[in-house]
1. Per 10 Å bin, what percent of the C-alpha pairs of the protein assembly as shown does each bin hold, from zero upward?
2. Only helices at least 15 Å long along their own axis, judged from Cα atoms, and with Kyte-Doolittle mean hydropathy of 0.0 or greater: name those in chain A from DSSP H.
3. What is the distance in Å between the Cα centres of segment B:1-79 and segment B:119-180?
4. Per 0.36 nm of contour for each residue apart, how much would the distance between A:ASN426 and A:LYS32 grow if the chain were fully extended, relative to their Cα-Cα spacing?
5. Quick one: if you stick a label point 7 Å off each Cα along the C-beta vector at A:ASN9 and A:ARG369, how many nm between them?
6. Where both partners of a DSSP beta bridge lie in segment B:85-166, what percent of those bridges are antiparallel, to the nearest 5?
7. What 222 nm value per residue comes from the helices of chain B, counting each DSSP H run with n ≥ 4 as -39,500 (n - 2.57) and dividing by all residues, nearest 500 deg cm²/dmol?
8. Expected output is a single nm value to one decimal: the length gained when fully extending between A:ASN156 and A:ASP138, i.e. 0.36 nm times separation in residues minus the C-alpha distance. What is it?
Amino acid sequence: MSRKLLLDNLDKPGIQSITGYSDNGGYEALRKALQMKPEEIVSEVQKSGLRGRGGAGFPTGMKWSFIAKPEGVPRYLVCNADESEPGTFKDRYLMEHKPHILIEGMIISSFALGANTSYIYIRGEMMYVFHILQKAIDEAYAAGYLGKNILGSGFNLDLHVHCGAGAYICGEETALIESLEGKRGNPRIKPPFPAVKGLWGCPTVVNNVETIAAVVPIIKITGEEYAKIGIGKSTGTKLISASGHINKPGVYEIELGVPVEEFIYSDAYCGGIKNGKQLKAVVAGGSSVPVLPAHLILKTAAGEPRLMTYESLADGGFATGTMLGSGGFIVMDEDTSVVKNLWTFAHFYNHESCGQCSPCREGTGWMYRILNKILNGKGEMKDIDLLWNIQGNIEGKTICPLGDAAAWPVASSIRHFRSEFEAYINNHGMKDVKHYYRLNNLQEA
Amino acid sequence: MSTNKNIQFSDDAMALVQKIINRYPEGKQKSALLPILHIAQAEFDGWLSPEVMDYVASLLKIQSIEVYEVATFYSMFNMKPVGKCLIEVCRTGPCWLMGAEDVVRYIEKKLGIKAGETTADGMFTLKTVECLASCGTAPMMQIGETYHENLTLEKVDDILNDHKNQGNRRTHWEKDKVKP
């Protein structure tokens, strides 16, 4: 079993409240942090090797070190709680069950960055969690952890929770900032980066919920100790959202480095494939990352066991590898149609494109309509190449990574499951994938 | 600017709106737009009419167009009237894998409407939505602020019957939370 730094004490009564949280070591890290210098906290986070847990995996300490410090200009910390990546539900789980770890992390991180006003931007659909966070913030004010002169340190902080209103794109940090300013969630062109010009034109750091929460154990046990967990540049623990055809879906905190095979089949985690079926494919890091067939998710192309780390999952590049992303681990059994799964993703990206860049705005719609045509039995062989062409003309050609996110599932589905597309086309659409296997008398690849 | 005297937040809602505006720096009150539009939906029958949007613009001292362009961008804002009970069924990958299509078909049949439509009695509107971060408890649907998870068709029956019996309007920002 992995060590728990974020999801520890979840079984303790009242852990959702400030008393329950404090009775179990909560806010000790804050007391410790306020005795430190802000730059010492940044240095601890750098030593920890913590990487952004929202999906990009950028080193958090480095991101913090970029923040501009012009005289007389406020700095802001914004927590990205817009969790919208299909397959990902860890932040919701953490905020719902242990809201104070996020509040404590926000106070420590704001102190480190010199921010006196901070915001948690939560997606509007999670309104009930919005109210949980508001309650936790009210409790923290009453306890003297927020407001003026926190615990006699001279540090002032106001923390607010802000709700979005339904837009995947607002998980992109500059779109999130636009949205927090009361505008449409259209991503900004970078540079300038938010660390220089962010919220209301001021230096801003945007970090994911899990990233901010991880600062609490880092301060508690030191960055050096945190870095001892995991493998290489994948340090610490990571929350994995496991869904799909598995016996035990849910949120698991793993030490980075657990073998993928153990994660899927061990009773400590997913508990194997549902109904005793075979594994067909996995989307390992949220809908945006490349889908991999069973043999490539369990082992790398070189035959090494695939591990749950940033590096091991990416081994082989996109030809045979994928990404850890947000840790949204979607498992598909042998009867799943990869083409139809892709069709749901294509609908998603088409719906969520903000419309700013033509390749994404138009391309996501084209890809969705071509997939619709194939699924409805009207596909032609040249449509597969057309899909390939369109995704290639979106990737890397947009202001924000939504374009890449829309392209990669299409590219990887064709790369690894081309015969399934062909089968849909040859058979003028199919009722389901079992139909495909029956028609072709095929064994699974 | 709104001249419609019938459109006016309740005192509680107005106090809350003021409290929210104060969370942003002086002159940056436009930041309060999304939260306030949620409250407006709760206050004014679950949707944002042009008059309601004009009213919100006047409160925030911004142009009406700034409210329209934002309201139409975000999927949680209803630009036309919806039933008292807006049923939002997640349709994205992980929920689809676990049978979201069956849930949608079942509700369509039960209510005699298609996704996107409202029942004749104005009670239910059915909508399919994109991933609501509930993939581990799929399939799921949202009604008001409540996540209904690990759905079975029996569960769907019970939930819809309950709502029909209660008969009150549900919004994402629940009406009873429109208090300062």
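The values are calculated or read from the model by the stated rules, or taken from the named source; none is laboratory data. Since the model is a prediction, treat every value here as computed from it, not as a measurement. A quick note on method: Cβ atoms are made from the backbone with ideal geometry, for glycine too, and the neighbour counts reach across all protein chains shown. The protein model used for the area step is the full one, side chains on, heavy atoms only, and it has no ligands, DNA or RNA in it. Shrake-Rupley method; radii C 1.70, N 1.55, O 1.52, S 1.80 Å.
1. Pair shares across the bins are 3, 16, 27, 28, 18, 7, 1, 0.
2. A:99-113, A:127-142, A:209-221, A:381-394
3. 24 Å
4. 135.3 nm
5. Computed distance between label sites A:ASN9 and A:ARG369 equals 5.6 nm.
6. Taking every DSSP beta bridge with both residues in segment B:85-166, the antiparallel ones total about 55 percent.
7. So the helix-based figure for chain B works out to -12000 deg cm²/dmol.
8. 4.9 nm
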